[in-house]
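Working notes for the structure below.
The values are calculated or read from the model by the stated rules, or taken from the named source; none is laboratory data. Since we're looking at a predicted model, the values are computed, not measured. Here the Cβ is made from the backbone with ideal geometry for all residues, glycine too, and neighbour counts use every protein chain on show.
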Amino acid sequence: MSDLMSGLPLLPTSVVGSYPVPEWMERLKTDYYRGRMSYAQLRDLHDMAIKAALRDQELAGIDVVSDGELRRDNDIDYFLARMPGIDIPRTAKDFYFDYYDARVTERLPVTDTAPLMLADDFSFTAEQTSDPVKFSFTGPFSLSRRVRNEAYDDPDELVTAIARVLNAEARALAARGARLLQIDEPFLAGYPGEVKTAIKAVNLVTEGVDVTWALHVCYGNRYARPSWEGHYDFLFPAVLDAEVDQLVLEFARKGYADLPVIDKFGWDRTIGLGVIDVKSSDVETPEAVASRIRSALGLVPAERLVINPDCGLRNISAPVARAKLAAMVAGAAAVRSELTGAHPLSPLNPSHEEPAQ
């Protein structure tokens, strides 16, 4: 395990990436795409929203926080719009969350620079918090699924080209101080026969970048609905070759029947255990979260578990997200205390001291 993860408590809590976008922010972001707001105003709006999301996570007691991906309209466009060689004929949108119609008509240029400027986003976030920061970005396979390919005879070449761009971004992020980077592949479950291609591309992204790497694979989370259904056995054995330290997976919604599959194929690295259903507004109790964690401990030792929601929190309201994160932290603390004998943290006992007798 990396220095970053070993410095965290047993059963550390994290988020997967995205955070709720308030309704007022949705309106203003859409106004920007309709030409009613300047880019400078949009940037200030994003800065303010990221600060608020970080504060929510800190108050909930999350160990590893994120920027909530609040600069991004969705999981695709922020990256494709900045990528040299990707053509987006129409940049206006009727609703900010809509996908662009993107295409590639010529081979993507080879560059050692970081044109997406993700390191700037990370630096802003890191300046706002003293907590460890997870920085996530959509992986090359999923990005390629939203591009009309008019340049490459072999579609795998497009995936490879995008991976090389993301590797340059990862190098810039590491140079700026990022220590935990996560590759999101939300489209992979819809193309299980392409898993070898996706894993080869993941390894191109991580190549030469000495950080803790996580790979998140879910079943889609568009408008709080899954895009596909299935089981994680499609990932194996190919994912065993992935040069990553963590596999961050969706379990709370689907149940934990896939955990034996992961154990069967011998995954011996960290598992990001989904214990919060982000496709439901029902708030889990700490007891339910604790039970879900215990269900995994028979197959994965506590030292190799990170506790997180199934996926990003974008599609639920902020009050629900705060309540779910608080329950997740409390459930993890309860199991941690069972394993270590330490008294769990609480708002009334913000230290490890035993209560007075």
Residue list for segment 281-331, filter: more than 15 Å from A53 (Cβ to Cβ), part of a loop (DSSP other than H, G, I, E, B) and under 18 Å from the mean Cα position of the chain (by Cα): D310, C311
One residue from L181, L247, L259 being more than 25 Å from D73 (Cβ to Cβ) and within 18 Å of the chain's Cα centre (by Cα): L247
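Let's see how each residue does on (1) touching a Lys or Arg at 6+ places or on another chain (Cβ under 6 Å); (2) of a type outside the set (D, E, K, R):
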position	(1), (2)
G7	no, yes
L11	yes, yes
Y19	no, yes
P22	no, yes
R34	no, no
A49	no, yes
D56	yes, no
I76	yes, yes
R90	no, no
Pairs with Cβ under 7 Å, 6+ apart, first in segment 2-18 and under 12 Å from P132 (Cα atoms) and of a type outside the set (V, I, T), second modelled with pLDDT of 95 or more and in a loop (DSSP other than H, G, I, E, B): L4/P132; L4/R179; L8/D63; P12/D63; S14/I62; S14/D63
Positions within segment 178-213 being among the aromatic types (F, W, Y) and in contact (Cβ under 8 Å) with a residue 40 or more places away in the chain, in sequence order: F187, Y191
Considering residues of segment 23-60 that are of a type in the set (G, A, S) and not in a loop (DSSP other than H, G, I, E, B) only, the residue surrounded by the fewest Cβ atoms within 10 Å (Cβ to Cβ): A40
Checking G312 against (1) of a type outside the set (K, R); (2) out of contact with any Leu (no Cβ under 6 Å at 6 or more places or on another chain); (3) closer than 21 Å to L8 by Cα; (4) at pLDDT 95 or above, the condition it does not meet: (3)
Complete set of residues in segment 305-339 that are over 25 Å from R71 (Cβ atoms) and acidic (D, E): E338
